[in-house]
1. Could you tell me which of rounded, prolate or oblate describes the stretch 81-125, using a ≥ b ≥ c as the square roots of the eigenvalues of the alpha-carbon gyration tensor, with rounded for a/c under 1.5 and, failing that, prolate when a/b is larger than b/c and oblate otherwise?
2. How long is the gain from Arg99 to Ala29 if the chain were fully straight, where each residue apart is worth 0.36 nm and the alpha carbon distance is subtracted?
3. Taking 0.36 nm per residue of separation and subtracting the Cα-Cα distance, what length does fully extending Leu49 through Ala81 add?
4. Net charge within 15 Å of Ala43 by Cβ-Cβ distance, Lys/Arg positive one each and Asp/Glu negative one each, not counting Ala43 itself?
5. Given the Cα-Cα distance of Arg15 and Asp63 and 0.36 nm per residue of separation, how much length would full extension add, in nm?
6. Highest mean first, how do 80-90, 61-71, 37-47, 119-129 rank when packing is the count of other Cβ atoms within 10 Å averaged over residues?
7. Would you list Asp58, Asp14 from the most to the least accessible area, probe 1.4 Å?
8. Which cross-chain or sequence-distant (5 or more) residues have an amide H under 5 Å from the amide H of Leu88, H modelled 1.01 Å from N in plane?
Amino acid sequence: ISACLVGSEMCIRDRLQALQGRHSTRLGAALRHASSLLAAEPAGQRHLLVITDGAPADIDVHDDRYLIEDARHAVQQARAAGIRISCLAVDSQADGYVRHIFGGRNYGIADDARHLPRRLSQMGARLAAGR
């Protein structure tokens with residue numbers, strides 16, 4: 001653990017930059033689970049911000065398109081249930097898949113983890129404003 005003040009922007013950035021992706025990203029399943037939990041919340045409070053470091057992937061699914069379509073379907077189901085979903089991707093190559101999964105106005109991209117705190121603030125303000 002780096003020497004930093006707990007909760008400080010520098011500490012958060014250091015921790016985020018130290019993260020390494022591993023194993024699988026079953027985004028569709030995670031979205032369905034989170035949506036089922038949010039369904040119990042009052043209608044005005046059903047917001048979900050997904051933060052991802054890459055396209056959906058799994059060690060036992062060999063068709064990358066399947067996982068993207070599965071995630072897209074989960075987003076559509078959540079929206080039909082009154083849940084607002086947005087995504088912030090820390091991946092400079094994310095535009096194609098996040099646009100397809102979340103829609104043209106429902107995502108943002110942070111080119112690297114150093115930009116994540118600023119982009120999170122922007123996305124949070126956008127969600128709070130209902131845009």
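The values are calculated or read from the model by the stated rules, or taken from the named source; none is laboratory data. Bear in mind that the values here come from a model prediction, so they are computed numbers and not experimental data. Using ideal geometry, Cβ is built from the backbone for each residue, glycine included, and neighbour counts are taken over all protein chains shown. Areas reflect the complete protein model, heavy atoms only, side chains present, ligands, DNA and RNA absent. Shrake-Rupley method; radii C 1.70, N 1.55, O 1.52, S 1.80 Å.
1. The shape class here is oblate.
2. Values: separation 70, 0.36 × 70 = 25.20 nm, distance 1.86 nm.
Length difference between fully extended and current span is 23.3 nm.
3. Taking 0.36 nm per residue and subtracting the Cα distance, the gain is 9.9 nm.
4. Values: positive: Arg46, Arg79, Arg84; negative: Glu41.
Once all neighbours under 15 Å are counted, the net charge is +2.
5. Working: separation 48, 0.36 × 48 = 17.28 nm, distance 3.18 nm.
Here the segment from Arg15 to Asp63 would lengthen by 14.1 nm.
6. Packing order, densest peptide first, comes out as 80-90, 61-71, 119-129, 37-47.
7. Asp14, Asp58
8. Val50, Ile51, Thr52, Gly108
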